[in-house]
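None of the figures in this text is laboratory data; all of them are computed from the coordinates on show. Predicted model, so just to flag it, every value in this text is computed and none were measured. A quick note on method: Cβ atoms are made from the backbone with ideal geometry, for glycine too, and the neighbour counts reach across all protein chains shown.
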Amino acid sequence: MTMTPPPAHQDAAATPELSLQLWRHGLRCTPSRLCRLRLLSASGEHLSSAELGGELRGRGLPFDQATVCRTLETFTDVGVAHAVHGPGPKRYGVSSEPHHHTVCEECGRVRDLAIDHMRIAVERITELSGVRTGAAGSLLLYGRCAHCSQK
Ligand SMILES: [Zn+2]
Ligand SMILES: [Zn+2]
């Protein structure tokens, strides 16, 4: 099946990869979706919907928290983003490069673990448990982050 990308929105033209990501996942590239995805992506972090709301507020952008929640859920449903469950609110990351996660049980901060760095550990887990992990991001390790360990 061949599809042609939608006509570039002025905003979309500035971030072609992100608008293409929305389009590939079957989402209409609305300015507000693109803006939220861009902020999430630019943060390089996994953000809760309240934290993403804070980013929008910090930039003086109008938003409504319920819609931000819904947008993040939509992103997760279609696979543009993924949700990580830790203590406190769910945090969302952009699903560009597949990765595993660590979650701080104290502050809830989510960090990435590169798939390549964890290959041996993942193989060992399969050996010990018989569980075959998915291609991407199956590992979720809970602990205390470097910052919280110093307290
Ligand atoms: Zn992630
Ligand atoms: Zn922490």
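Listed highest first by mean packing, meaning other Cβ atoms within 10 Å per residue, what order do 72-80, 52-60 come in? Display every interim value, and only then the final one.
Working: 72-80: 17.7, 52-60: 14.3.
Per-residue mean Cβ counts within 10 Å order the peptides as 72-80, 52-60.
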Size of electric dipole in the stretch 97-149: Cβ of Lys, Arg +1 and of Asp, Glu -1, about Cα centre, debye, nearest 20: 60
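Before anything else, pin down the relative contact order of the chain: Cα pairs under 8 Å, at least 6 apart, normalised by residue count, whole percent.
Details: 176 pairs, mean separation 25.2, N = 151.
Worked out over the chain, it gives 17 percent.
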Mind checking the dipole of the stretch 10-93: about its Cα centre, +1 per Lys or Arg Cβ, -1 per Asp or Glu Cβ, Debye to the nearest 20? 80
In whole Å, largest first, the alpha carbons of the chain cover along the principal axes 50, 45, 22
Roughly how many Å is it from the Cα centre of the stretch 15-65 to that of the stretch 105-151, as a whole number? 26
Listed highest first by mean packing, meaning other Cβ atoms within 10 Å per residue, what order do 94-106, 35-47, 118-130 come in? 35-47, 94-106, 118-130
